[in-house]
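See below for the structure under consideration.
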Amino acid sequence: GLTTSDRERLGYDLYAASFFQKGPDARYLMLMAALEALIEPRPRPATCIEHVERVIKLTREAQLPEPEIRSMVGTLEWLKEESIGQAGRRLATQLGERRYMDGKETPVQFFTRCYTLRSNLVHGHVPRPAESDVGSRAASLEVFVGHLISGELLGAVDIDAIVAARQAAG
């Protein structure tokens, strides 16, 4: 009786595609794309939206070239919703007490560090993140995204117990 949204189906498709990426950077970025597909930013509080509307009004009235005004207003419109980072941290809280990176990071800490690494990779941070760091984080990110995709089933099935039983069986 479970249903999935378009957002969840896209997240799953990207997650599945990550298994076919050869390099750690590509795999990591595909997993991050899957994670970002699951993120649903919410509107900011009314006072914040009102402030953004005032800034938009001032921008439209500014003596700037029309293409610049359109570009700036388009960017400002995004500020009416919480950032991807905020929405991602909120999503990560759904994973409760789980831990990632060999038990060292809470879901929120893990998401925050993954999002920072993603930004460093995508925006050409120098020095480039080490391949081994990207690879180890990608391994944990696979589990993290898998937990998020599992959604309602995650609480209904003890995945960790199933994995432990299979490992014990040989």
(Q) Every residue in the range 11-22 that is over 12 Å from Gly151 (Cβ atoms) and either surrounded by 16 or more Cβ atoms within 10 Å (Cβ to Cβ) or touching an Asp or Glu at 6+ places or on another chain (Cβ under 9 Å) (or both), please. (A) Leu14, Tyr15, Ser18, Phe19
Q. Identify, please: which residue in the range 38-57 is assigned to a loop (DSSP other than H, G, I, E, B) and surrounded by 12 or more Cβ atoms within 10 Å (Cβ to Cβ) and is, among those, nearest to the chain's Cα centre (by Cα)?
A. Ile39
Q) Can you pull out the residues in the range 109-120 that are touching a helix residue (DSSP H, G or I) at 6+ places or on another chain (Cβ under 7 Å) and either more than 23 Å from Phe20 (Cβ to Cβ) or open to solvent by 30 Å² or more (accessible area, probe 1.4 Å) (or both)? A) Phe110, Phe111, Thr112, Tyr115, Arg118
Q) In this structure, does Gln167 turn out to be over 20 Å from Gly23 (Cα atoms), free of Cβ contacts under 8 Å to residues at least 60 places away in the same chain, touching a Lys or Arg at 6+ places or on another chain (Cβ under 9 Å) and open to solvent by 70 Å² or more (accessible area, probe 1.4 Å)? A) no
Q.
Any residue in the range 1-20 that is farther than 17 Å from Glu40 by Cα sitting within a Cβ distance under 9 Å of a residue that is in a loop (DSSP other than H, G, I, E, B)? List the pairs, counting only those 6 or more apart or interchain.
A. Leu2/Gly151
Q. Taking the range 58-108 on its own, how many of its residues are without any contact (Cβ under 8 Å) to a residue 40 or more places away in the chain, open to solvent by less than 70 Å² (accessible area, probe 1.4 Å) and in a loop (DSSP other than H, G, I, E, B)?
A. 6
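The values are calculated or read from the model by the stated rules, or taken from the named source; none is laboratory data. Since we're looking at a predicted model, the values are computed, not measured. Neighbour counts are summed over all protein chains in view; Cβ atoms, including those assigned to glycine, are modelled from backbone coordinates with ideal geometry. The accessibility values were calculated without ligands, DNA or RNA, using every heavy atom of the protein model including side chains. Shrake-Rupley method; radii C 1.70, N 1.55, O 1.52, S 1.80 Å.
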